[in-house]
1. Would you check which residues across segment 379-391 are open to solvent by less than 40 Å² (accessible area, probe 1.4 Å) and within 18 Å of Leu347 (Cβ to Cβ) and list them?
2. Enumerate the pairs (first residue in segment 368-383 and more than 13 Å from Met343 (Cα to Cα); second residue anywhere and open to solvent by less than 40 Å² (accessible area, probe 1.4 Å) and among the acidic types (Asp, Glu)) with beta-carbon separation below 6 Å, excluding pairs fewer than 6 apart on the same chain, so at least 6 apart or on different chains.
3. Specify which of the listed residues (Val164, Val182) is out of contact with any strand residue (DSSP E or B) (no Cβ under 9 Å at 6 or more places or on another chain) and surrounded by 24 or more Cβ atoms within 10 Å (Cβ to Cβ).
4. Name, by its number, the condition in (1) in a helix (DSSP H, G or I); (2) crowded, with 21+ Cβ neighbours inside 10 Å that does not hold for Ser362.
5. Quick one: count up the residues across segment 74-110 that are outside any loop (DSSP other than H, G, I, E, B), open to solvent by 60 Å² or more (accessible area, probe 1.4 Å) and either modelled with pLDDT under 90 or of a type in the set (D, E, K, R) (or both).
6. So which of Val309, Val354 ends up being closer than 13 Å to Cys241 by Cβ and part of a helix (DSSP H, G or I)?
7. When residues of segment 283-300 are filtered for being open to solvent by 40 Å² or more (accessible area, probe 1.4 Å) and not in a helix (DSSP H, G or I), how many remain?
8. Filter segment 148-173 for residues that are modelled with pLDDT of 85 or more and hydrophobic (A, V, I, L, M, F, W, C); which is nearest to Ala240 (Cα to Cα)?
Amino acid sequence: MGLVKVDKLTPGAVLADEVRDANDRLLLSKGQALEDKHFRILKMWGVFEVHVQGEDAPSENRSEPIDGERLAVVAGEVGEIFGAVDISHPAVKEVVRLSIAHRMKHPQAQPRPALRPMAGPTTVSRREMLAKLDRLDVQLPEVPSLVYELNEIIADPMSSAGDVAQVVNKSPSLTATLLKIVNSAFFGFRSKIDSISRAIMLIGSKELTSLALGITIMETFRTIPREVIDVASLLEHNLACGMVARIMAAHGNMIHTEQVFVSGMLHDIGRLVLCKYFPQNARYAFASAEQSGDSLLTIERNMLGCSHVQMGKHLLRKWKLPYALENSVAYHHQPSASPDPEMAAVLQMADMIVHGMGIGHSGENKVPCFDDKAWQRINLPVSAFQALVHQAAHQVETFRDLMRRS
């Protein structure tokens, strides 16, 4: 008998023990021969590893020599990222440990080039920033009504798979991107899915619609110049946050995991708004945060009068997107103040984990805060973090090239 990670399983493996979720509900029985559909069940419910019959289960416990000099450098980098929060907290301490381990195994790309402070206003009123945003004609790419149609489908409990397919198929580029994602390791299907209708049958209309919504919104900001922000890197960060949040929500037996995923994808949407429509203010804030060592969130509040969470909330409200998404964006740095603190707390922790792992870059160089009060409401043991990070890293690798080519 061996303990095998879910993403290492192959069809035909036989369970040596029954599998239960975090609330002790039976998912699969002992002796069950695993098929493709079972892998999805395990991933959706946050099960990261299972006991299977046989003596040839792969072992991942091989030790490798540690480069002490590099370890010191990596530990210092991670220490700076978490310098503004209490690293003695059990959850934060485990995230720091796993972040160091992940970065040791996955050397990071070249760091983001430093930006010198630009000439600009020292302060801008929040009213001025939001008034400017109100005056902007923010158009969505390709099909301006697509987000609204997808939103209506999400809100309508009577919507059908045909309704979803009809809307998605209006956009060839969105259809192609969704099919790439559905056929990636993120969902783990071993046979090719060649149509949106088939994808809906396998993963559900709500999840596919939410994924389409998030992708369509993020595509709006692809044209931001690289000298302002590396959009591909920020999209990678946001996508990873959505993945980690989704895994955490499933493990905590939360409902609407697809909504948690989209919230992760959109949590920094306000920063993209800032970069696209107020590029000089954005560069001024980025460079000042880097020079001062303060968090970018602090710089936004002090110098721009309006943080990215406020701008994100303002935009999503203008687009009349679901209230739950608006709240997740607005409160991911203050989960206890949210009408749904559990979802916001999951999103904050996912953001912390992705920052620690160094996946993508949001413009923020450090974790600005951690809400312990909200975190205590989440039914997720710290012992689950290691498998969670492993699964997220595997899925992000698949998405990285896919999203850069889309």
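1. Across segment 379-391, the qualifying residues are Leu380, Ala384, Phe385, Leu388, Val389, Gln391.
2. Val382/Glu94
3. On the way: Val182 fails: surrounded by 24 or more Cβ atoms within 10 Å (Cβ to Cβ).
After applying the criteria, what remains is Val164.
4. (1)
5. Of all residues in segment 74-110, those outside any loop (DSSP other than H, G, I, E, B) come to 74-81, 90-105.
From what is left, the residues that are open to solvent by 60 Å² or more (accessible area, probe 1.4 Å) are 77, 80, 90, 93, 97, 105.
Then drop every residue that is not either modelled with pLDDT under 90 or of a type in the set (D, E, K, R) (or both), which leaves 77, 80, 93, 97, 105.
Number satisfying all stated conditions: 5.
6. Details: Val309 fails: closer than 13 Å to Cys241 by Cβ.
Every option except Val354 fails the conditions.
7. Our first condition is that a residue be open to solvent by 40 Å² or more (accessible area, probe 1.4 Å); within segment 283-300, this holds for 283, 290-292, 294, 298.
Subsequent filtering for residues that are not in a helix (DSSP H, G or I) retains 294.
The number of residues fulfilling the criteria is 1.
8. My answer is Val168.
The values are calculated or read from the model by the stated rules, or taken from the named source; none is laboratory data. If you're wondering where the values come from, they're calculated on a predicted model, not measured in any experiment. Methodologically, a virtual Cβ is constructed for each residue, glycine included, from the backbone with ideal geometry; neighbour enumeration extends over all protein chains shown. With ligands, DNA and RNA removed, areas are computed over all heavy atoms of the protein, side chains included. Shrake-Rupley method; radii C 1.70, N 1.55, O 1.52, S 1.80 Å.
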